[in-house]
Amino acid sequence: TAQFEPDANSNGIDVTIYDRDLGADTTQVVSTLPNGDAIANGAGVAALDISSDGSRVVIGELVSTDAKGNRHYRLYMHIGSSPNAIELTPGTTTGALYGGMTDDGTAVYFTTRDPLTTAANQDADTSADLFRADVGASSATLSRVSVGAGAVGNTDACNPAGNTVNT
């Protein structure tokens, strides 16, 4: 909750996540929104993952916690020295369970009940689906992975298995 950089939260309540480069002797705020503002959600901010080279950081803004203790987040990715984050779960109202990312940070996996994709890959049911965000330098493209055999997975019957940590 301490403010180490001018663009960090300064009220002593909201957590700010920083990236410290010891070689370059720089510190930057990585818990930011797409507009560059620091996420202000009390203690409801988490650093969820970092790429192998340290250039990409997945940040979660807590949306809710379910009855089993699983935390559902709005997901963002901070890349390099950009002050702006890339939103990975646009349109979420229930949040997402973070599932992991590739070593280089170009793909992020998560589950959510929200219908986040459009067109031919539209998610129109209310069950949890697995999504992949392919993350470029300044934007992300979402794909619903749990489409089922022959792309018939758009029903509530395609509900993936629960979180094995908190079941």
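What per residue convex hull volume, in Å³, do the alpha-carbon atoms of the stretch 3-149 yield?
Roughly 120 Å³ of hull volume per residue.
How large is the Rg to Rh ratio of the stretch 31-91 when both quantities use alpha carbon positions and Rh follows Kirkwood?
Taking Rg over the Kirkwood Rh, I get 0.98.
Taking all protein chains together and a probe of 1.4 Å, list Thr106, Thr93 from the most accessible to the least accessible.
Thr93, Thr106
Going by amide H atoms built from the backbone, whose H comes under 5 Å of the H on Thr89, apart from near neighbours?
Leu75
Pop out the ³J(HN,Hα) list for the stretch 73-80 in order, Karplus 6.51 cos²θ - 1.76 cosθ + 1.60 with θ = phi - 60°, rounded to Hz; leave Gly and Pro as x.
Using θ = phi - 60°, the values come out as 10, 8, 9, 9, 10, 9, 10, x Hz.
Once you have all Cα-Cα distances for the stretch 78-118, histogram them in 5 Å bins from zero and send the whole-percent values.
6, 20, 24, 25, 18, 7, 1
Accessible area of Leu97, 1.4 Å probe, to the nearest 10 Å²?
40
With every atom except the alpha carbons ignored, what do you get for Rg and Dmax of the stretch 1-69, in angstroms?
According to the Cα coordinates of the stretch 1-69, Rg and Dmax are 12.9, 44 Å.
The values are calculated or read from the model by the stated rules, or taken from the named source; none is laboratory data. What you are looking at is a predicted structure, and each value in this text was computed from that prediction instead of being measured. Note: areas computed on protein heavy atoms with side chains; ligands, DNA, RNA excluded. Shrake-Rupley method; radii C 1.70, N 1.55, O 1.52, S 1.80 Å.
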